[in-house]
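Shown next, in structure tokens, is the structure this report addresses.
Readers should treat all values here as calculations from the given coordinates under stated rules, not as data from a laboratory. Only a predicted model underlies this, so the values are computations on that prediction, with no experimental measurement involved. Because the Cβ atoms are built from the backbone with ideal geometry, glycine has one as well, and the counts that use them run over all protein chains shown.
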Amino acid sequence: MVSRAGAEADALFEVLRGIPDPEVPALDIVELGIVRRVELRPDGAVAVEVTPTYSGCPAMHVIEQEIVAALNANGYDRVELRTVYSPAWTTDWLSDAAKAKLKAYGIAPPDHAVVEQALVPLLSSVRRAPCPYCSSSNTERKSEFGSTACKAIHYCHHCHQPFEEFKAI
Amino acid sequence: MRDSQEEALFEYLLRLGDDRLVLGHRLSEWCGHGPILEEDIALANVALDLIGQATHFLQLAGQVEGQGRDEDALAYFRDAIDYRNINLVELPNGDFGRTIVRQFLFDAWSVLLLDRLQRAAHTRLAGVAAKAYKEARYHVRHSGEWVLRLGDGTDESHRRVQTALDELWPYTGELFAADEVDRLLAGAVAPEPAALEPAWREVVSDVVRRATLTLPADGYMHSGGRHGRHTEHLGHLLAEMQILARSHPGAKW
């Protein structure tokens, strides 16, 4: 998934792991899958490839600024950022550890991304996300859209808490 | 630009970008005015996705054109006559039901188009389309579910969405009309517009039937948006969208 060219790559990744996602700070931008490639060029420049989570993700500019700032602060003065679109970002890139962090943070982790056959399925076929607080599956999706592009709103009928789910995409 | 093929690609990318930019702006007008909080958030989210998609398509258009125009230059410094969106997306929102019907007619088409484009020979275009396709999947699910709820809802909601469907139907002809641009790109880069119509009709008529609505008969179809002939509504929309960038060029905050 994430290619690591060169022996310096691990050190560079460590720097970038220090940058939390601005909207979901429980995860850093590497484990979220935004950073696709980091390479130290022979001329000393660091080339970073990033991919947006959603087309209109408003945090992308901030993330790019933070990448440059973090690398600069660690002695890498020249940073070349490139946005790549392919392969398209998917929540399937989140590791089990990252999903556990989301749950601990109070956000239901994403299920596997599956493409349903029907474009407009029956309303009753909506998946029930397990509640991140009490783990009950007696929950109801209230809206596929939440406080950020990546989250949906659910309600738990067992512990009577509204909660957010990181949408599978 | 090097040749007619490149010029056609530039035009085509403007079409893809402008449809989404104008519709995204229309949807953003609902922000703070949604019928319920969840829908206020939903429409703003969809608007954000569409404007994001437009950003990527217009950025690519500027690169293909090679005249140094970026996505902001294309969005804020073109007049209505240079906009290439279909007329459907520039129409005023009306009530929530009308907004939803317009959205569904567009989403059902957009998801099919993006599915084809993500497998196109143009790598950059395919990459942007593949990302947008994922978003179009939940857009059409959202608008389609609302057509079901409103159509098969109360007498009042049924009446309103049926009226909207009847009034918006004459604007759907533009989705499938082809011109020289389409003919130059057909096959390798973009699908022939008419090739999407059977699948679109299947999706739309299935939801319309389940929503207990009646599919309007085909009659006169509006056209011209792809060539800069717009309704009077687009100029007003652009005035609001472009005023800041034009009053304070290069402004940052």
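Summary table
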{"item": "The stretch A:28-169: C-alpha gyration tensor shape, a/c 1.5 cut-off, then a/b vs b/c", "result": "prolate"}
{"item": "Contact order normalised by residue count of the stretch B:96-253, Cα under 8 Å, 6+ apart, percent", "result": "26"}
{"item": "Aspartates and glutamates whose Cα lies under 17 Å from that of A:LYS99, excluding same-chain neighbours fewer than 8 positions away", "result": "A:ASP21, A:GLU23, A:ASP28, A:GLU31, A:ASP111, A:GLU164, A:GLU165"}
{"item": "Gaussian network model of chain B, Cα within-10 Å springs - most flexible of B:LEU14, B:LEU237, B:LEU91", "result": "B:LEU237"}
{"item": "Gyration tensor (alpha-carbon) shape descriptor, the protein assembly as shown, a/c threshold 1.5", "result": "oblate"}
{"item": "The protein assembly as shown - Cys residues lacking any other Cys C-beta under 4.7 Å", "result": "A:CYS57, A:CYS150, B:CYS31"}
{"item": "Among A:SER95, A:SER137, A:SER86, residue whose mean-square fluctuation peaks in a GNM of chain A (springs only between Cα atoms under 10 Å)", "result": "A:SER86"}
{"item": "Restraint check, A:LYS101/B:LYS252; A:LYS103/A:LYS151; A:LYS167/B:LYS252; A:LYS167/B:LYS131, Cα-Cα greater than 25 Å", "result": "A:LYS101/B:LYS252; A:LYS167/B:LYS252"}
{"item": "Listed residues A:PRO87, A:PRO22, A:PRO42, most fluctuating in chain A (Gaussian network, C-alpha, under 10 Å)", "result": "A:PRO42"}
{"item": "Relative contact order (percent, whole number), the stretch B:116-186, Cα cutoff 8 Å, 6+ residue spacing", "result": "13"}
{"item": "Whether the stretch B:1-123 is rounded, prolate or oblate, judged on the alpha carbon gyration tensor where a/c under 1.5 counts as rounded", "result": "prolate"}
{"item": "Relative contact order computed over the stretch B:1-129 (Cα-Cα under 8 Å; 6+ residues apart), in percent", "result": "28"}
